[in-house]
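The values are calculated or read from the model by the stated rules, or taken from the named source; none is laboratory data. Please read these numbers as outputs of a predicted model, since none were measured by experiment. Neighbour counts are summed over all protein chains in view; Cβ atoms, including those assigned to glycine, are modelled from backbone coordinates with ideal geometry.
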Amino acid sequence: MIEIQIVPSDIRRNVRYVFFDRRRVLVAICVLTVVLAAILGSMAAAPTVIRKVYKDNYVKSMRVESDIQRERLREAIVQMTSLERSLEDHQVRVEKLITIYGLEHNLGQGGFSFPLKSKDSSDLQLSDAQHREEALRHSMIRLQQQLDLLSQYEAANAAMVRHTPSILPVPADQFVLTSPFGMRISPFTRAADFHKGLDLSAPTGTPIYATADGIVSFAGQYPLRLSANWWRFGNVVVINHSDHFVTIYGHCDTIKVRRAQEVKQGQMIATVGNSGWSTNSHLHYEVRSDLEQPGTYVAIDPRIYILNYQWTNEANLLMRSRTSKEYQDFDPLPPSFTGKGEVVRVRSKGRGRRRA
């Protein structure tokens, strides 16, 4: 038995006695032991719990930060892709001018410098983005070099630039390309032949514009007795551009210019029609040049020269124009088309008969 006396500070109050038998003492000791063990266990486990909580919070914060960085990278890649597309559009235009002026040899080796494109921008890593950024930087430097070269050339050859056919001969929103430059199946003979220009389908009466400054060397229908091939173009306008280019506008409905008339780029010279051998209302637009073979006007793909319209796969067109120099056996231009021969008297007709 254990006796505990509780003596109050006030002597007037009675002393209190608490008695514990042996069993109660053992129970109390056991309870205290358990409590003490729990306290000591908690103190021992606290660092592990704290570390786990800290680790979970750290991992969570890092995951949030990673998501933020990934989103920023994705936005940067989207902007980079937009910049690549814009840069490629400018490069196509510049490469066109370089090809037109024959300046590709002045730029050394390396060919086209379009930026690299990734298969899936959503899967790009930081290293891929850095690679694309570096490619863009080099492309922009090359583009600036090309622009400087073009600026110097155009300043020194202003007259040549004005006489280079470089725009669409019809409004951009009023035509459909039905037959490009190159091999095709003839709509008349059903045999393979080489198409020397572009067939631009458009409604009858659609305006036709001169694609560069020049002098009209022919206007009307070429006489059948002199050439059946050229007679088939119906009402035709031919413009000589400083003796380096000749542009031909065939199957016209009405002609708005006369021979020996000086015209400016963008001036209306005729309207789209269906004259001559034609299956529908369209313009046959042809460009001949003697830059590759002086004295001989060779047909070239007009799409390479058109700067105010973007064709499908223009980069491939440019590559092919630079690497393929095999000239077809084109019909030679009549002397009257180049303005160096005898004047052919013709009568312009309003609308030719359609022949299928």
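General remarks:
- Residues that are farther than 18 Å from LEU200 by Cβ and touching a residue at least 24 places away in the same chain (Cβ under 8 Å), drawn from the range 297-321: TYR297, VAL298, ALA315, LEU318, MET319, SER321
- Pairing each residue of the range 256-268 that is among the polar types (S, T, N, Q) with any residue that is surrounded by 12 or more Cβ atoms within 10 Å (Cβ to Cβ) and outside any loop (DSSP other than H, G, I, E, B), provided the two are 6+ apart or on different chains, yields C-beta distances under 9 Å for GLN261/ILE215; GLN261/VAL216; GLN261/ALA219; GLN261/ILE269; GLN265/ARG162; GLN265/TYR209; GLN265/GLY214; GLN267/TYR209.
- Residue in the range 264-271 that is within 24 Å of PRO180 (Cα to Cα), in contact with a Leu (Cβ under 9 Å, 6 or more places away or on another chain) and among the hydrophobic types (A, V, I, L, M, F, W, C) present: yes
- From the list GLU314, GLU326, GLU292, GLU342, the one residue that fits, being exposed (fewer than 13 other Cβ atoms within 10 Å of the Cβ), in contact with a helix residue (DSSP H, G or I) (Cβ under 7 Å, 6 or more places away or on another chain), at pLDDT below 80 and among the acidic types (Asp, Glu), is GLU342.
- Filtered residue count, the range 178-208, keeping only those that are under 25 Å from VAL257 (Cα atoms) and in contact with a strand residue (DSSP E or B) (Cβ under 6 Å, 6 or more places away or on another chain): 12
- Among the residues here, PRO223 does not qualify as in contact with a Ser or Thr (Cβ under 8 Å, 6 or more places away or on another chain), closer than 30 Å to ALA260 by Cα and at pLDDT 85 or above.
- Only one of the numbered conditions (1) in contact with a strand residue (DSSP E or B) (Cβ under 9 Å, 6 or more places away or on another chain); (2) without any contact (Cβ under 8 Å) to a residue 60 or more places away in the chain; (3) loosely packed, with under 14 Cβ neighbours inside 10 Å; (4) in a loop (DSSP other than H, G, I, E, B) is violated by ALA212, and that is (3).
- Taking the conditions (1) of a type in the set (A, V, I, L, M); (2) in a strand (DSSP E or B); (3) surrounded by fewer than 20 Cβ atoms within 10 Å (Cβ to Cβ) in turn, ALA299 satisfies each one other than (3).
- Looking across the range 255-289, just one residue is of a type outside the set (A, V, I, L, M), at pLDDT 95 or above, within 30 Å of PRO187 (Cα to Cα) and more than 34 Å from the chain's Cα centre (by Cα), and that is LYS256.
- Residue list for the range 258-286, restricted to those being more than 21 Å from TRP231 (Cβ to Cβ), of a type in the set (A, V, I, L, M) and buried (at least 16 other Cβ atoms within 10 Å of the Cβ): VAL263
To keep it simple, each residue is scored yes or no on (1) without any contact (Cβ under 8 Å) to a residue 12 or more places away in the chain; (2) in a helix (DSSP H, G or I); (3) surrounded by 10 or more Cβ atoms within 10 Å (Cβ to Cβ); (4) not β-branched (Val, Ile, Thr).
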| residue | (1), (2), (3), (4) |
| --- | --- |
| ARG51 | yes, yes, yes, yes |
| TYR58 | yes, yes, yes, yes |
| ARG63 | yes, yes, yes, yes |
| ILE68 | yes, yes, yes, no |
| GLU71 | yes, yes, yes, yes |
| ALA76 | no, yes, yes, yes |
| LEU83 | no, yes, yes, yes |
| SER86 | yes, yes, yes, yes |
| VAL92 | no, yes, yes, no |
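- Scan of the range 248-274 for residues that are in contact with a helix residue (DSSP H, G or I) (Cβ under 8 Å, 6 or more places away or on another chain) and either within 16 Å of SER336 (Cβ to Cβ) or not assigned by TED's automatic domain parsing to the domain that holds GLN293 (or both), ordered by number: ILE248
- Odd one out for ALA76, checked against (1) at pLDDT below 80; (2) more than 60 Å from the chain's Cα centre (by Cα): (2)
- Answer residue from the range 188-201, given it is surrounded by fewer than 21 Cβ atoms within 10 Å (Cβ to Cβ) and of a type in the set (A, V, I, L, M, F, W, C) and is farthest from ALA172 (Cα to Cα) among those: ALA191
- Residue list for the range 172-186, restricted to those being small (Gly, Ala, Ser), loosely packed, with under 15 Cβ neighbours inside 10 Å and not in a loop (DSSP other than H, G, I, E, B): GLY182
- Sole exception among (1) in a helix (DSSP H, G or I); (2) exposed (fewer than 10 other Cβ atoms within 10 Å of the Cβ); (3) among the basic types (Lys, Arg) for ARG12, by number: (1)
- Residue satisfying condition, being without any contact (Cβ under 8 Å) to a residue 24 or more places away in the chain, in contact with a Ser or Thr (Cβ under 8 Å, 6 or more places away or on another chain) and closer than 16 Å to TYR285 by Cα, within set HIS195, HIS241: HIS195
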